[in-house]
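Working notes for the structure below.
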Amino acid sequence: MRDVHGSPIIREVQVVPVAGYDSMLMNIGGAHGPFFTRNILIIKDSAGNVGLGEAPGGKVILDSLRSIESFVLGQPIAKMNQLVSKLHRVGKESDFEDFGGGSWTFELRVNAVSALEAALLDLMGKYLGVPVVDLLGEGKQRDEVEVLCYLFYVGDRRKTDLPFTSGAEEGNHSWYQLRRQEAMDTPSVLELADAAHDLYGFKDFKLKGGVLHGQEEMETVKSLAKRFPDARITVDPNGAWSLQEAVDYCSNMRDVLAYVEDPCGGEQGFSSREVMAEFKRATGLPVATNMIATNWRELRHAIMLDAIDIPLADPHFWTLSGAVRVSQLCNDWGLTWGSHSNNHFDISLAIFSHVGAAAVGKPTALDTHWIWQDGQRLTKEPHQIINGKIAISDKPGLGVEIDEAKLLEAHELYNKLSTVNRNDAFAMQHLIPGWQFDPKRPAMVR
Ligand code: GKR
Ligand code: MG
């Protein structure tokens, strides 16, 4: 059945909260727990097509996604932009209010907006017979999207009684076992890097910092640069360092670091954007962020202050079309586009890939946590990372098809969890009793 304009009608909306297994990944917020959660959106239309979206887990996003049904059922998919804007408008105020407390993970209502947009773009692409990348911005810019190797220090799961997976049955390559074992020093992070490089062929590397003393993290960064001399290397302590510390750690690293991500944040009454601008001037290093330019209003201030070079416009909180708009702006204004990520399944991997392929200019390699989840899938044939790149096929829509059995498995795992919101302090307290988050101190510096 079609509407008067000819496009199929939305017939069914399903929201499925799911969970997957994770490693004890360390960051300034603490340590990842044994499970991560996501919310999956499935929309079916009268043409028999299925549209998919994926958003971070947690109740705020789950409730927002559940509210979609009330206004999208019976609507033609051609009204895509109106439907997405409707959800966006409802969420705007509460997102702003949540923002201060939401810290850097951005599990906000806007994530539900992005999932809705992804699912509708998927349906529209299937209806028109074109991949989603062709419906974004200026259309397809490249056939393959470069992604980076996102490395973490990994806590020792055996020091906790939490049900972390041991990695024993996750795959034959050494990466699948190594990623679940402790890696709290430079040699073990290098081992992870070697294994990931061997399996996925990465060219570029990012180390999640904000865990050990900054100087120690810089030693890991230097060793990575030595091991992979042609790589673009970055470090991201999520604003853990003071301006002085950040300048001290980074000033003599211009041959080692291609750019630095959120090295410092607001201090002594100066805003994070002002402080980052000072860091940039003091070191001459390009700065990336997923913390201080996360929406249009922040981006304006960041650009006026010349505080950033690389906005990491994750489509999950910029929306897919918004992230591509950011790339157009970057291209016109001499900035570099990139994308942030959090733990995710393969529908998000497809979303990143299409947005990355539509981003104009010369993006920096995209972040993805996928390597920590690889092997757990919700779709029949997930996109793959080969030679550090993800190829975009010409399949209509997002180019992935839900695997009902895997979806059910991930939903059943979710149903077994006693808590479904991300809480890195909880796992961390199993390593350091009484541990509390401090935005100005690396997690292990207590
Ligand atoms: O997964 O621990 C993590 C990261 O720290 C993540 O939550 C951040 O949002 O990857 C992100 C980043 O680049 O800041
Ligand atoms: Mg970051």
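Residues considered: S327, S251, S114. Largest GNM mean-square fluctuation over the chain, using C-alpha springs under 10 Å, is found at S251.
Peptides 117-128, 431-442 ranked from most to least packed, by the mean per-residue count of other Cβ atoms within 10 Å: 117-128, 431-442. The GluC sites (Glu not before Pro) found in the range 383-446 that occupy coil by DSSP, while having at most 14 further C-beta atoms within 10 Å, are E401. Here, P(r) means the percent of Cα pairs in each 10 Å bin from 0 to the largest distance; for the chain it is 4, 22, 33, 27, 11, 2, 0. Taking only the alpha carbons of the range 300-446, we obtain Rg and Dmax values of 18.4, 52 Å in that order.
The GluC sites (Glu not before Pro) of the range 157-246 that meet both conditions, a loop assignment by DSSP and at most 13 other Cβ atoms within 10 Å of the site Cβ, are E169.
Couplings for the range 288-293, taken from phi via the Karplus curve 6.51 cos²θ - 1.76 cosθ + 1.60 with θ = phi - 60°, read 10, 8, 10, 10, 10, 9 Hz in order; Gly and Pro are left as x. Computed over every Cα-Cα pair of the range 393-446 and binned at 5 Å starting from 0, the pair-distance distribution P(r) comes out as 4, 14, 14, 12, 10, 11, 11, 11, 9, 4, 1 percent. The order of the peptides 295-306, 368-379 by mean Cβ neighbours within 10 Å, most packed first, is 368-379, 295-306. By DSSP, the beta bridges lying fully in the chain are antiparallel in about 65 percent of cases.
Rounded to the nearest 0.05, what FRET efficiency do M304 and A425 have when you use their Cβ-Cβ distance and R0 = 51 Å?
On the way: r = 35 Å, r/R0 = 0.68.
Here the calculated transfer efficiency is 0.90.
Can you work out the FRET efficiency for the pair R66 and S174, with r the C-beta to C-beta distance and R0 = 35 Å, to the nearest 0.05? Provide the component values of the computation, followed by the final result.
Details: r = 42 Å, r/R0 = 1.19.
Once rounded, the FRET efficiency stands at 0.25.
Here the Debye sum runs over all C-alpha atoms of the range 144-398 as equal scatterers in vacuum, and log10 of I(q)/I(0) at q = 0.11 Å⁻¹ comes out as -0.59.
What value, in deg cm²/dmol to 500, does the helix sum -39500 (n - 2.57) over DSSP H runs of n ≥ 4 give at 222 nm once divided by the residues of the chain? Don't skip to the end; give the middle numbers.
Details: 16 runs with 168 residues, N = 446.
Counting only the DSSP helices, I get -11000 deg cm²/dmol.
The modelled label-to-label distance between Q14 and D230, using points 7 Å beyond Cα along the C-beta direction, is 4.5 nm. What percentage of all Cα-Cα pairs in the range 187-255 are separated by more than 13 Å? Summing the P(r) tail past 13 Å for the range 187-255 gives 64 percent. With neighbour counts taken as other beta-carbon atoms within 10 Å, the residues L366, L335 rank, fewest first, as L335, L366.
A short reminder: the numbers here are calculations on the coordinates, not readings from a lab. Just so we're clear, the structure is a prediction, and the values are computed from it rather than from any experiment. In this analysis, Cβ positions are derived from the backbone assuming ideal geometry, glycine residues included, and neighbour counts consider all displayed protein chains.
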